[in-house]
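Here's the structure, in structure tokens; my notes come after.
Here, each number is a calculation from the coordinates, and none is a lab measurement. Bear in mind that the values here come from a model prediction, so they are computed numbers and not experimental data. Cβ atoms come from the backbone with ideal geometry, glycine included; neighbour counts cover every protein chain shown.
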Amino acid sequence: MFLVWLAACALAALFVHDRWFSGDNILRNFPVLGRFRYFLIEIGPELRQYIVAGNHEELPFNREERDWIYRTARGENNYFGFGTDDQLYNIGYPVIKHAVFPHGEVGFTASIHDKLHEVPCAKTLGEIRDRAKAWRPRSIVNISAMSFGALGAHAVEALNRGAKTAGCYHNTGEGGISPHHKHGADVIYQIGTGYFGCRNLDGGFSMDKLLETLGGCPQVRGIEIKLSQGAKPGKGGVLPGAKVTEEIAGIRGVRAGTDCVSPNNHGAFRDIRGMIAFIEEIAAATGLPVGIKSAVGHTGFWRELAAAMREGGKGPDWITIDGGEGGTGAAPLTFADHVSLPFRVAFPRVYKEFLDAGAADRTVWIASAKLGFPDRAIVAFCLGADLINIAREAMLSIGCIQAQKCHTDLCPSGVATHSAYLQRGLAPEVQSQRFARFCQSFRNELLAVTHACGYEHPSQFTAEDVEVSAGPGQFKSLRELYGYTPGRTWSGIAGWGVSAA
């Protein structure tokens with residue numbers, strides 16, 4: 001009886017609060033009852049995901065895409081039956097053209113039971129500029145930039161351990177190198193405008209601090225300078241205060257519990273000449289190859305950079321192009337939806353500028369933007385990419401359910417949160433194996449399609465190998481659409497180390 005009386009008092013108090021003290025119109029008009037509206041709004045994404053939406057309706061990844069990643073990561077049957085349910089005549093739909101006489105070993109089907117293949121990059125980072133520690137990635141599929149901060153400790157550890165097993169590299173994101181990045185995988189250390197891990201007391205870049213940081217992480221194989229990213233191009237990184245723990249604050253050199261917002265611009269350089277000088281200074285001091293990452297807006301910058309690299313011979317050892325459809329953390333809605341070009345527009349515009357300037361072969365090209373599926377990766381290779389970086393697909397492989405709570409620190413799967421309670425659901429020793437299996441199986445399926453098209457390595461694809469639907473009965477090759485085919489200067493892939501693991 002006491003509990004009934006207590007519940008009645010609580011409802012009465014809630015009624016009084018909603019009716020006379022709430023600032024919400026619905027609650028003032030419909031006290032208590034109006035709260036059910038907000039409850040249904042809150043669980044709406046889950047209701048649509050599990051009950052309402054069809055296989056191809058959800059975004060950013062639909063049910064069929066997530067299902068393929070989950071099955072692959074778990075080592076389950078990732079085949080699909082009864083033919084495609086895609087709309088092949090939809091504008092922009094890509095079709096890969098197979099060869100009558102495929103290449104490759106007998107019996108290689110790209111099932112989860114096939115032996116796992118290493119598919120290394122066809123180029124070496126830093127080789128063109130003779131960097132002291134030039135390095136050739138062992139895998140053409142790698143982990144894109146996701147900071148410790150955007151992701152929790154268990155997620156970063158799982159990805160790093162999995163990357164070691166799969167033989168791929170792990171990009172730190174701009175949040176700096178954490179203890180969770182030091183479980184054996186090759187690491188690309190990203191430097192953003194906040195210079196986390198290499199900043200002095202006033203927030204500017206410090207070479208001494210950079211060398212100190214690198215000394216504590218011998219797994220670093222290269223340094224990437226982030227100019228911008230697909231989720232929030234032209235705006236510095238954003239880590240909401242709820243996710244800035246004491247540990248993260250210590251790594252980044254910021255205050256715990258307050259929003260960590262990086263500047264829009266780099267303080268170490270302000271133009272292309274200054275950027276190239278900065279790159280060469282870091283490369284000389286560390287011996288490491290140095291690249292850049294950017295989303296794409298105006299193309300004048302790229303035209304000037306291509307000309308500078310052709311004339312002076314200096315510049316980034318790789319260029320990562322991030323499509324506007326990318327994004328794993330927190331971003332303002334307008335930036336996420338409307339700023340920067342999507343990948344299939346952005347990458348060709350930049351690559352063609354370099355091709356026209358005779359400088360396309362003076363760097364390694366990395367593609368990033370929802371490319372964690374073999375068909376999308378092949379389109380990127382056809383356009384000139386040498387490597388593929390994946391982010392959200394990697395998150396899905398270690399348990400992400402696309403709850404889209406990344407910015408709240410309430411990620412239910414423990415991936416994008418620092419809550420000890422929620423993170424305990426993510427066991428790094430288990431999920432690391434799932435990421436490794438996903439990455440290895442991804443490469444296998446990518447290699448199987450490559451063989452079906454008559455090639456030995458994905459870097460042999462050209463812009464003639466994919467056609468895109470331009471309407472019913474109309475298909476155009478990527479070369480027809482973009483006006484070029486990649487200008488690769490090496491004569492073949494034989495002997496480049498494509499081998500069974």
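Would you mind calculating the gained length between PHE15 and ALA277 on full extension (0.36 nm times residue separation, minus the Cα-Cα distance), in nm to one decimal?
Values: separation 262, 0.36 × 262 = 94.32 nm, distance 6.54 nm.
Separation in residues times 0.36 nm, less the Cα-Cα distance, equals 87.8 nm.
Among the listed pairs LYS182/LYS209; LYS123/LYS209; LYS97/LYS476; LYS182/LYS293; LYS226/LYS314, those whose Cα-Cα separation exceeds 21 Å are LYS123/LYS209; LYS182/LYS293. For trypsin sites (Lys or Arg not before Pro), the sites in the range 66-108 that DSSP calls loop and that have at most 16 other Cβ atoms within 10 Å are LYS97. Our summary gives the range 149-206 a relative contact order of 30 percent, counting only alpha carbon pairs under 8 angstrom and 6 or more residues apart. Working from Cα pairs under 8 Å separated by at least six residues, relative contact order for the range 182-285 is 27 percent. Highest mean first, the peptides 468-474, 394-400 sorted by other C-beta atoms within 10 Å per residue fall in the order 394-400, 468-474.
Taken over the range 308-443, the convex hull of the Cα atoms encloses 133 Å³ per residue. DSSP beta bridges fully contained in the chain are about 30 percent antiparallel. Loop-resident trypsin sites (Lys or Arg not before Pro) (DSSP state other than H, G, I, E or B) in the range 280-361 with no more than 16 further Cβ atoms inside 10 Å of their Cβ: LYS314. Relative contact order, whole percent, for the chain stands at 20, derived from Cα pairs under 8 Å and 6 or more residues apart.
State whether the range 222-371 is rounded, prolate or oblate according to the following rule on the C-alpha gyration tensor (a ≥ b ≥ c being the square roots of its eigenvalues): a/c under 1.5 gives rounded; otherwise a/b larger than b/c gives prolate, and the remaining case gives oblate. Oblate, since a/c reaches 1.5 and b/c is not below a/b. Across all directions, the average flat footprint of the convex hull enclosing the Cα atoms of the chain is 27.7 nm². Evaluating 6.51 cos²θ - 1.76 cosθ + 1.60 at θ = phi - 60° for every residue in the range 401-407, the Karplus couplings come out as 10, 6, 6, 6, 10, 4, 8 Hz, glycine and proline recorded as x. Mean projected area of the convex hull spanned by the Cα atoms of the range 2-42, taken over all viewing directions: 3.1 nm². Candidate membrane-span-like segments in the chain, meaning DSSP H helices with Cα atoms spread over at least 15 Å of their own axis and a Kyte-Doolittle mean of -0.5 or above, are 2-16, 153-166, 272-286, 300-312, 343-356, 428-452, with no membrane implied. Stretching ASN264 away from ARG28 to a fully extended chain increases their span by 80.8 nm, per 0.36 nm per residue minus the current alpha-carbon distance.
For n ≥ 4 DSSP H runs only, could you compute -39500 (n - 2.57) per run for the chain, divide by its residues and tell me the 222 nm figure to the nearest 500? Please report the intermediate quantities before stating the final value.
On the way: 17 runs with 172 residues, N = 501.
One gets -10000 deg cm²/dmol as the mean residue ellipticity at 222 nm.
A straight Cα-to-Cα reach below 24 Å connects LYS405 with the lysines LYS232, LYS235, LYS243, LYS370, residues fewer than 8 places away in its own chain not being considered.
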